[in-house]
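Chemist: There's a structure below that I have some questions on.
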Amino acid sequence: SAKARGGGTYHFFTKTMNESAVARLAIENDLREALKEGQFELYYQPKIELLSGKLAGLEALIRWNQPGRGFISPMQFIPVAEETGLIGKIGEWVLRRVCDQIREWDLLGLPPVSIAVNLSPRQLIEGRITETISRILDETATPASRIVLEITETVMMHEIKRSASILDELRKLGLQIAIDDFGTGYSSLAYLKRLPINSIKIDRSFVRDVTTDPDDAAITNTIIIMGHNLGLKVVAEGVETQEQLEFLREHGCDEIQGFLISEPRPANITARQIEQLSRTVASIL
Ligand code: C2E
Ligand code: MG
Ligand code: MG
Ligand code: MG
């Protein structure tokens, strides 16, 4: 233990823990206020089909604009929301916002687009996720087929039976399921075939050096082949360069997402992107 390693270590350790507990409590209170005061916003990032250059869908990414502090990254506050259980409420807000957005864009006459929502492990495992999602879809009259749920693989490793049956329920509702950040967990490839999923997203840590690091190239290529052999759609995230795009196209990746196509943008800009994207991207491809 820390104590066994000497008094100094012990003191340092507890001090750090206290500070982080205090910081966490402060963020927790701020998060509650953020929900109440409407400080969250969704940005959207397009996914592009590599063969056609067409818009394949959008991913909704939460942004927290705290007055006086500016934008706070979800990497900072989503883990706190997870630990404190606030992720349930935040997740409901995200899904409802996405459903409202789909209706708004449909009413404007934009081409119908599907939107991916990120689900944290705790959202999937705790509470009644199927009931919650199905209620929000009903209340907003959103077809389930317009929603993709992105789930990281870690949760399913630990609770494979439970996760598989929850994912089964969600699939029966008509939702699509994607495994996010694929390759970063301790995944046995065999567990994939037990899960009712539609697509996998290759983590951007592999995509980053795919054209310079033979290991990353091999891993990316293997994920694409394996995904296809299992009948899954394969998406690459974090595509920033034309060279990465070429590699992914040569190796048969289905869809790409990343700064090369577009950063995540607020809804009003995304609306324009939805109409323009095929044209814009055709010139990159
Ligand atoms: P993620 O779902 O894997 O999302 C991809 C992240 O990579 C996003 O960061 C996106 O802005 C960023 N990104 C996209 N393209 C590129 C690129 O070409 N290069 C680089 N360097 N980065 C790129 P963001 O928006 O900060 O979100 C971070 C993570 O926070 C997400 O990772 C997701 O795990 C979580 N998150 C975001 N929104 C939500 C949400 O509404 N609910 C939950 N539960 N988690 C969320
Ligand atoms: Mg995601
Ligand atoms: Mg991802
Ligand atoms: Mg990622």
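Chemist: If a/c stays under 1.5 just call it rounded; otherwise compare a/b with b/c (prolate if a/b is bigger, oblate if not). Do that for the stretch 135-230, with a ≥ b ≥ c from the square roots of the Cα gyration tensor eigenvalues.
Modeler: Prolate is the answer for the stretch 135-230, as a/c is 1.5 or above and a/b outweighs b/c.
Chemist: Suppose we look only past 27 Å in the calculated P(r) of the chain. What percent of the Cα-Cα pairs does that tail hold?
Modeler: The answer is 46 percent, as a whole percent.
Chemist: Further, regarding this structure: Note down the relative contact order for the chain as a percent, whole number, built from C-alpha pairs under 8 angstrom at least six residues apart.
Modeler: Averaging sequence separation for qualifying contacts and normalising by length gives 19 percent for the chain.
Chemist: Something else now. From the protein chains alone at 1.4 Å, what is the descending order of accessible area for 193, 201, largest first?
Modeler: 193, 201
Chemist: Continuing with this model, one more query. Relative contact order for the stretch 28-179: what percent, with Cα pairs under 8 Å and sequence separation of 6 or more?
Modeler: Across the stretch 28-179, relative contact order equals 19 percent.
Chemist: Now a separate question. Tell me, what is the 1.4 Å probe accessible area of residue 226, in Å² to the nearest 10?
Modeler: 30
Chemist: Turning to a different aspect of this structure: Any chance you could look up the accessible area of residue 71 with a 1.4 Å probe, heavy atoms only, rounded to 10 Å²?
Modeler: About 110 Å², ignoring ligands and nucleic acids.
Chemist: Probe radius 1.4 Å, ligands and nucleic acids left out: which of 180, 138 has the largest accessible area, and how do the rest follow?
Modeler: Greatest to least solvent exposure: 138, 180.
Chemist: Just how much of residue 31 is accessible, in Å², when a 1.4 Å probe is used and the result is rounded to the nearest 10?
Modeler: 0
Chemist: Compare 173, 25 by solvent-accessible area with a 1.4 Å probe and give them largest first, with all protein chains kept in place.
Modeler: Putting 173, 25 in descending order of accessible area: 25, 173.
Chemist: What ratio of Cα Rg to 2.2 N^0.38 Å holds for the stretch 115-156?
Modeler: So the stretch 115-156 has a normalised radius of gyration of 1.20.
Chemist: Kindly provide the helix-only [θ] at 222 nm of the chain, computed as the sum of -39,500 (n - 2.57) over DSSP H runs of four or more divided by all residues, to the nearest 500 deg cm²/dmol?
Modeler: That calculation yields -17000 deg cm²/dmol at 222 nm.
Chemist: How many lysine pairs does the chain hold where the Cα atoms are under 18 Å apart and the two sit 8 or more places apart or on different chains?
Modeler: Number of lysine pairs found: 12.
Chemist: Can you bin the stretch 74-132 into rounded, prolate or oblate? Criterion: square roots of the alpha carbon gyration tensor eigenvalues sorted a ≥ b ≥ c, rounded for a/c under 1.5, prolate for a/b above b/c, oblate for the rest.
Modeler: prolate
The values are calculated or read from the model by the stated rules, or taken from the named source; none is laboratory data. Owing to the predicted nature of the structure, the values given are computational and were not obtained by experimental measurement. For the accessible areas, the whole protein counts, side chains as well, though only heavy atoms, and no ligand, DNA or RNA atoms are used. Shrake-Rupley method; radii C 1.70, N 1.55, O 1.52, S 1.80 Å.
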